[in-house]
Amino acid sequence: MLHALLLGAALALQPSAPQPAPQVSIKPPEAGSVVVFNKAQANGMLFRPGDAAASATVAVGDGPHEVAISGGRAVVSNYGGPKPGSTLTVIDLKSFHPVKTISLGDYRRPHGLAFFKDGRHVLVTAEVNQSLIQVNVDTGEVVKAWETGQHGSHMVVLSPDEKTAYVTNVGSGSVTIIDLAASGPDAATTITTAPGAEGLALSPDGGELWVANNKSDSISILDTKAKAVTATMACEKYPLRVAFTPDGKHVLAAASASGDIIVYDAATRKELRRIATLPQEGADHDPLPPEGPFKDSPVPIGIAITPDGGRAYTACTATGTVAYIDLSSWTVTSHLRAGKAPDGIGLVPGV
């Protein structure tokens, strides 16, 4: 069952309806507060800096998988459970309450998200439709769509100049590069990476795209100008997410089957260290039943890094925790107590 969660299904663990959020007043979140969304509970949690326990909980749609944050609001993709999801939840971060639900109509299994700099438009992958769509968050309108023609179009990142989007296709083992100014088949170029292409991260200068291939235990590196894979390196075991530090010097990869965050030197592409994310014995956590290759792992997935590059947080699906990593010492210093199957994670800017 855990394997289904990792691949985006989470069918048996998820409730049919969102859990109600407690109606409590909260202090406005400070910059650097963490939000994490629990796939098996249809809710999200807010952690203020320095707090080990959530200060607020918010109900969202069924199977929340990813979150994108801009200014004072967050958008969450409601992937669904046995029935494919087709909505986004918009959350006001100051009150940490939902302000609207956006229907995506025929677009189903929304997953990856990326905000434009205007804070009004967001890119969303729609797996069932093999598409990437652009949504106006203010009006709720799907304003544009591009077909990938690939299976499991899953995660998306936006280039610094906002002219290009990169989409990983888990089922096809590929990356689709989309010219956002174009339309029709000429807008998309697809490059094969390796089976299980899922997590992806763009270097701060936009020159390199790192792609985590979970079924291949590898990372592919693409030259974005040449639109070609220039290197492939081993990354054990079952890498699901990758993230650049803000200075571009390091890349963090979530090795979900081993439970490690792997740190790479971005320039040399050498593995520097592995950081274990398993909570210490006796720590407060909410584990899922062990399964398959993830039997002894906390299953780290989502990664969020602070803008100053000092800290990283990773959502550990199997243990119901968030590991807090000090990037100066490269150690896990504490664990936040999340809910069932946390995955999507983000940092709150000043609101």
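The values are calculated or read from the model by the stated rules, or taken from the named source; none is laboratory data. Just so it is clear, the structure is predicted and the values come from calculations on it, not from any experiment. Ideal geometry is used to build each Cβ from the backbone, glycine not excepted, and the neighbour counts take in all protein chains shown.
Among the residues making up the range 132-141, those that are surrounded by fewer than 19 Cβ atoms within 10 Å (Cβ to Cβ) and either in a strand (DSSP E or B) or in contact (Cβ under 8 Å) with a residue 40 or more places away in the chain (or both) are Gln134, Asn136, Gly140, Glu141. Counting only residues that are more than 15 Å from Leu252 (Cα to Cα) and at pLDDT 95 or above, the range 322-337 holds 1 of them.
Would you confirm whether or not the range 267-284 contains a residue that is of a type in the set (A, V, I, L, M, F, W, C) and in contact with a Gly (Cβ under 7 Å, 6 or more places away or on another chain)? The answer is yes, given that some residue of the range 267-284 is of a type in the set (A, V, I, L, M, F, W, C) and in contact with a Gly (Cβ under 7 Å, 6 or more places away or on another chain).
Among strands (runs of 3 or more DSSP E) entirely within the range 50-114, having at least 2 residues that are under 24 Å from Leu158 (Cα atoms) singles out 64-70, 73-80, 84-92, 97-103.
Only one residue in Thr164, Thr168 is of a type in the set (S, T, N, Q), surrounded by fewer than 21 Cβ atoms within 10 Å (Cβ to Cβ) and in contact (Cβ under 8 Å) with a residue 40 or more places away in the chain, so which one is that? Result: Thr164 is the single residue among Thr164, Thr168 that is of a type in the set (S, T, N, Q), surrounded by fewer than 21 Cβ atoms within 10 Å (Cβ to Cβ) and in contact (Cβ under 8 Å) with a residue 40 or more places away in the chain. If only residues of the range 199-213 that are free of Cβ contacts under 8 Å to residues at least 60 places away in the same chain and not in a strand (DSSP E or B) are counted, the one that is surrounded by the most Cβ atoms within 10 Å (Cβ to Cβ) is Gly206.
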